[in-house]
1. Just checking, does the stretch 134-151 include any residue being surrounded by 17 or more Cβ atoms within 10 Å (Cβ to Cβ), at pLDDT 85 or above, assigned to a loop (DSSP other than H, G, I, E, B) and touching a Lys or Arg at 6+ places or on another chain (Cβ under 8 Å)?
2. Which of the residues spanning the stretch 63-89 are within 16 Å of residue 12 (Cβ to Cβ) and among the β-branched types (Val, Ile, Thr)?
3. Can you tell me how many residues within the stretch 17-76 are within 29 Å of residue 98 (Cβ to Cβ) and either in contact with a Cys (Cβ under 9 Å, 6 or more places away or on another chain) or β-branched (Val, Ile, Thr) (or both)?
4. Can you tell me which residue in the stretch 12-54 is farthest from the chain's Cα centre (by Cα), limited to those that are of a type in the set (Lys, Arg) and surrounded by fewer than 15 Cβ atoms within 10 Å (Cβ to Cβ)?
5. Does residue 62 fit the bill of being surrounded by 16 or more Cβ atoms within 10 Å (Cβ to Cβ), farther than 23 Å from residue 16 by Cβ and hydrophobic (A, V, I, L, M, F, W, C)?
6. When you check residue 68 against the structure, is it surrounded by fewer than 16 Cβ atoms within 10 Å (Cβ to Cβ) and in the same structural domain as residue 142 (by TED's automatic domain parsing), yes or no?
7. Give just the number: which of (1) of a type in the set (Phe, Trp, Tyr); (2) touching a strand residue (DSSP E or B) at 6+ places or on another chain (Cβ under 9 Å); (3) at pLDDT 80 or above; (4) assigned to a loop (DSSP other than H, G, I, E, B) does residue 40 not satisfy?
Amino acid sequence: MDEIVITGISGRLPESNNLEEFWENLINGVDMVTEDNRRWTPGLHGLPKRNGKLKDISHFDAVFFGVHPKQANTMDPQLRLMLEIAYEAIVDGGLNPATLRGSKTGVYIGVSGSEAGEAFSRDPEELLGYSMTGCQRAMLANRLSYFFDFCVMYYVK
């Protein structure tokens, strides 16, 4: 059995929808640390007034990724972004993602905490079961392996 490594890359960074835009911002001296209320009111809960934020986290092609619209609306933005970025990285690595279906592909993810679960479950009257699975960090690798139909061992830390 041959072992291979997919060496594609993708990402979302402050004020940058992709790595090329991030590089352009860097070499052009663009200040990507801003003070605005796109995500939080500046200074909220003692957060710094200026911080690096992604341009837009609201757009997600739920149909493409096989996610029910109700679940997509209560899914942690990290999970939505992870699906998009993983797909882009595979394509960047020169592969058609469809050719990986059923393959023995490992999924290893490092993820930080998120306030999404708390935000979506704050009001018990509005609580949907979709937010339970869409905001669990342990589900990141599951969702990725399910979408790509990997036969995997996975690890989330």
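1. yes
2. Hit for the stretch 63-89 is 85, nothing else.
3. Residues that pass the stated criteria total 6.
4. Residues of the stretch 12-54 that are of a type in the set (Lys, Arg), as a first pass: 12, 38-39, 49-50, 53.
Still in the list and also surrounded by fewer than 15 Cβ atoms within 10 Å (Cβ to Cβ): 38-39, 49-50.
Working: 38: 18, 39: 16, 49: 24, 50: 22 Å.
My answer is 49.
5. On the way: surrounded by 16 or more Cβ atoms within 10 Å (Cβ to Cβ): yes; farther than 23 Å from residue 16 by Cβ: yes; hydrophobic (A, V, I, L, M, F, W, C): yes.
Yes; evaluated as a whole, the condition is true for this residue.
6. Spelling it out, residue 68 is indeed surrounded by fewer than 16 Cβ atoms within 10 Å (Cβ to Cβ) and in the same structural domain as residue 142 (by TED's automatic domain parsing).
7. The failed condition is (3).
Yes/no per residue for (1) among the aromatic types (Phe, Trp, Tyr); (2) in contact with a Leu (Cβ under 7 Å, 6 or more places away or on another chain); (3) under 23 Å from residue 5 (Cβ atoms); (4) at pLDDT 80 or above:
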{"position": "67", "(1), (2), (3), (4)": "no, no, no, yes"}
{"position": "73", "(1), (2), (3), (4)": "no, no, no, no"}
{"position": "82", "(1), (2), (3), (4)": "no, yes, yes, yes"}
{"position": "92", "(1), (2), (3), (4)": "no, no, yes, yes"}
{"position": "105", "(1), (2), (3), (4)": "no, no, yes, yes"}
{"position": "108", "(1), (2), (3), (4)": "yes, no, yes, yes"}
{"position": "116", "(1), (2), (3), (4)": "no, no, no, no"}
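The values are calculated or read from the model by the stated rules, or taken from the named source; none is laboratory data. In this text, all values refer to a predicted model and were calculated from it rather than measured experimentally. Quick reminder, even Gly has a Cβ in these numbers, built from the backbone with ideal geometry, and neighbours come from all protein chains shown.
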